[in-house]
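J.: One structure coming up, written as structure tokens, with questions to follow.
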Amino acid sequence: MNDQPAASPLNTPTRHDQHGRYPKATSVEDFVRNLAAVQGRIVSACGRANRDVSGVRLLPVSKTIDEATIRLSYAAGCRMLGENKVQEAYRKWEALADLTDLRWSVIGHLQTNKAKLVARFATEFQALDSLRLAAALDRRLQAEGRSLDVFVQVNTSGEASKYGLPPEDVAAFLREQPVFSALRVRGLMTLALLSGEADRVRRCFAQLRELRDQLRQDVPAGIDLDELSMGMSGDFEIAIEEGATVVRVGQAIYGARAVPDSFYWPTASR
Ligand SMILES: *Cc1c(COP(=O)(O)O)cnc(C)c1O
């Protein structure tokens, strides 16, 4: 890998213009087809970037999707689901407890006072962004006798409204992590600008990878930064070209959401 990656020669466009157009999946067959289509896009992006497909995990995002429909996606093979809001995730975890191998990844901003919910059921948490939250999660996890894979969320878009640590604060944040023995730091997560301008989107993803490569040179023992969670329905191919190991994909699998993104990201607009 180059120390200083040149600007990418690839000019893959975003697909944000397809937002709101994905048809709703209402059968197992729909999910089989949608998952295959997304997987095909992953394979193509890996091909362009000379990457092994096994190095990219698809995390289906089931926010706003009802439990009956989630069961159809489970039947089509989904075994780990991403949810933005912890209460919604917790409710679904309870309702779907009979699917014993279905695991949950919480991918949205978490208030400290809701740490105990995450500690109870989640396998993974991708939006760690404060020491207070790390301490609360660790305490609750110790009480539950559980541990949790976590991703540190980084704000690469420069938008004040976006959650996540500023890139320059991540090194100091990681140095504090070893005391939280129930948290296993696996890598970094980001949301790119929600923009149709592919080069600006790509710059967010490239920044996360470059930050990771730089931090890796002296991370504390016990912390590994192998994972880069970046890319969603509208931009995951660009994210893969820039090194994503986890892509979080909702609408391209489940269908367009009626709930606007501004519900999840306070001033999201496009
Ligand atoms: C909803 C969501 C996604 C997936 O977005 P889609 O447009 O449905 O693919 C990815 N990451 C986070 C944090 C989300 O909240």
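J.: Any chance you could check the Cα centroid distance between segment 177-246 and segment 102-130 for me, in angstrom?
T.: Segment 177-246 and segment 102-130 have Cα centres spaced 18 Å from each other.
J.: Using 7 Å Cα-to-Cβ label points, what is the A68/R216 separation (nm, one decimal)?
T.: So the label points at A68 and R216 sit 4.7 nm apart.
J.: Solvent-accessible area per residue for the chain at a 1.4 Å probe radius, Å²?
T.: Value for the chain: 45 Å² per residue.
J.: Please compute the length gained on full extension between S54 and D17, using 0.36 nm multiplied by the number of residues separating them and subtracting their Cα-Cα distance.
T.: Extending this stretch completely gives an extra 10.5 nm.
J.: Hey, how much of the P(r) for segment 16-264 falls beyond 28 Å, as a percent of Cα pairs?
T.: Roughly 29 percent, rounded to a whole number.
J.: In whole percent, and with a 1.4 Å probe on the protein chains, what portion of the accessible area of segment 139-224 is carbon and sulfur?
T.: C and S fraction of accessible area: 44 percent.
J.: Comparing V154, V246, V219, which has the greatest mean-square fluctuation in the GNM of the chain with Cα pairs linked when under 10 Å apart?
T.: Maximum among the listed residues: V219.
J.: Further question: Suppose each label sits 7 Å from its Cα in the direction of the beta carbon; what would the A160-S130 distance come out to in nanometres?
T.: Label at A160, label at S130, 1.8 nm between them.
J.: Of the lysine pairs in the chain, how many meet both conditions: Cα atoms under 23 Å apart, and a spacing of 8 or more in sequence or different chains?
T.: Close lysine pairs found across the chain: 14.
J.: Could you tell me what percent of the accessible area of segment 77-130 is made up of carbon and sulfur, with a 1.4 Å probe and every protein chain present?
T.: Carbon plus sulfur share of accessible area: 46 percent.
J.: For S27, project a label point 7 Å along Cα to C-beta. Then give me every residue of segment 64-92 with its amide nitrogen under 19 Å of that point.
T.: Within reach of a label on S27, which here means backbone N under 19 Å from a point 7 Å along Cα→Cβ, segment 64-92 contributes 68-78.
J.: When only Cα pairs under 8 Å and 6 or more residues apart are kept, what is the percent relative contact order across segment 16-264?
T.: Here the relative contact order equals 24 percent.
J.: Springs between alpha-carbon atoms under 10 Å, Gaussian network over the chain: tell me which of L131, L188, L228 tops the mean-square fluctuations.
T.: With Cα springs under 10 Å in the chain, the top fluctuation among L131, L188, L228 is at L131.
The values are calculated or read from the model by the stated rules, or taken from the named source; none is laboratory data. These figures come from a predicted structure and were not determined experimentally. Here the Cβ is made from the backbone with ideal geometry for all residues, glycine too, and neighbour counts use every protein chain on show. These area figures cover heavy atoms from the full protein model, side chains too; ligands, DNA and RNA do not enter into them. Shrake-Rupley method; radii C 1.70, N 1.55, O 1.52, S 1.80 Å.
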